[in-house]
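The values are calculated or read from the model by the stated rules, or taken from the named source; none is laboratory data. Predicted, not measured: the structure shown is a model, and the values here were computed from it. As a convention, Cβ positions derive from the backbone with ideal geometry for all residues, glycine included, and neighbour counts pool all protein chains shown. When the accessible area is computed, the model is the full protein with side chains, heavy atoms only, and any ligands, DNA or RNA have been set aside. Shrake-Rupley method; radii C 1.70, N 1.55, O 1.52, S 1.80 Å.
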Amino acid sequence: MIKLSPSILSADLSKLGEDVISLEKFGADMIHIDVMDGSFVPNISFGMPIIKAIRETSKLVFDVHLMIEEPSRYIEDFAKAGADIITVHYESDVHLDRTIKYIKSFGKMAGVAINPSTPISVLECIIKEVDMILVMSVNPGFGGQSFIDYTLNKIHQIKELSEKYNPSLMIEVDGGINSNNIKKVVDCGANVIVAGSSVFKNKEIEKNIKTLKEGF
Ligand code: DX5
Ligand code: ZN
């Protein structure tokens, strides 16, 4: 079962609540929420108050992608704001095992994200402990970038590791996914697909979700 997790980074932020309601109505499986601090990545997006506000509008799984330095400082806040999955970057946290346990202590699912240039080998010890691995297929920080092709091999490698160590692992891929490349990503083993600009393109959410889902 492949899940679609639209990124609200590309939503119309002047009517974010309405866009979240549309996503749920038109078949999104999760809501991907990109939190950026202007330090780990060169951009600033939104944080806990926005998550809390849209939590009122949707029952979907909130898939919160933290692109922030030392994410452990804010896990409790994001848990209380309504996150269901909290994903931290391998590159931003030197005590990853502790942070994973901390996320789980709030009853939340825990994910680890890796940048395009980070090899899969760094995940070997942690893969059994997490609910999700997020493979970045663009350099984090912005929507609308082009998919980096060499990450396909990394998805494939994660799939192999998950079969061995964690068969229920969610393998999420994020960045530059559209109707032309979504099949390749799924064929490599991804089971959660993030899409921002390709979901909100021309404000045709219903049509775009349908097209992406037909591409699986
Ligand atoms: C990038 C974010 C992505 C982004 C995806 O740093 O993590 O979730 O919103 O946007 P698209 O699908 O437009 O590449
Ligand atoms: Zn993301």
Exercise. Please find, within segment 166-183, the residue that is farthest from ligand 1 (Cβ to nearest atom) out of those that are touching a residue at least 40 places away in the same chain (Cβ under 8 Å) and not in a loop (DSSP other than H, G, I, E, B).
Key: 170
Quiz prompt | Qualifying positions in segment 127-140 - surrounded by 17 or more Cβ atoms within 10 Å (Cβ to Cβ) and either assigned to a loop (DSSP other than H, G, I, E, B) or aromatic (Phe, Trp, Tyr) (or both) | solution = 127, 130, 131, 137, 138, 140
Quiz item: In segment 1-29, how many residues are part of a loop (DSSP other than H, G, I, E, B) and either within 14 Å of ligand 2 (Cβ to nearest atom) or of a type in the set (Asp, Glu) (or both)?
Solution: 3
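So which residues in segment 3-40 are more than 16 Å from ligand 1 (Cβ to nearest atom) and either at positive phi or among the aliphatic types (A, V, I, L, M) (or both)?
21, 27
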Quiz prompt | Residues of segment 141-162 satisfying the condition of being away from ligand 2 (no atom under 16 Å from the Cβ) and open to solvent by less than 10 Å² (accessible area, probe 1.4 Å) | solution = 158, 162
Practice problem: Mind listing whichever residues of segment 63-89 are within 18 Å of residue 52 (Cα to Cα) and of a type in the set (Val, Ile, Thr)? | Solution: 64, 75, 85, 86, 87
Practice problem: Taking the residues in segment 98-126 that are part of a helix (DSSP H, G or I) and charged (D, E, K, R) as candidates, determine which candidate is least open to solvent (accessible area, probe 1.4 Å). | Solution: 104
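Scan segment 184-204 and tell me whether some residue there is away from ligand 1 (no atom under 13 Å from the Cβ), touching a residue at least 60 places away in the same chain (Cβ under 8 Å) and open to solvent by less than 20 Å² (accessible area, probe 1.4 Å). Show your work before the answer.
Quick first cut of segment 184-204, residues away from ligand 1 (no atom under 13 Å from the Cβ) only: 184, 186-191, 202-204.
Narrowing the set further to residues that are touching a residue at least 60 places away in the same chain (Cβ under 8 Å) leaves 186, 190-191, 203.
The next check asks that each one be open to solvent by less than 20 Å² (accessible area, probe 1.4 Å); those that pass are 190.
Checked segment 184-204: at least one residue is away from ligand 1 (no atom under 13 Å from the Cβ), touching a residue at least 60 places away in the same chain (Cβ under 8 Å) and open to solvent by less than 20 Å² (accessible area, probe 1.4 Å).
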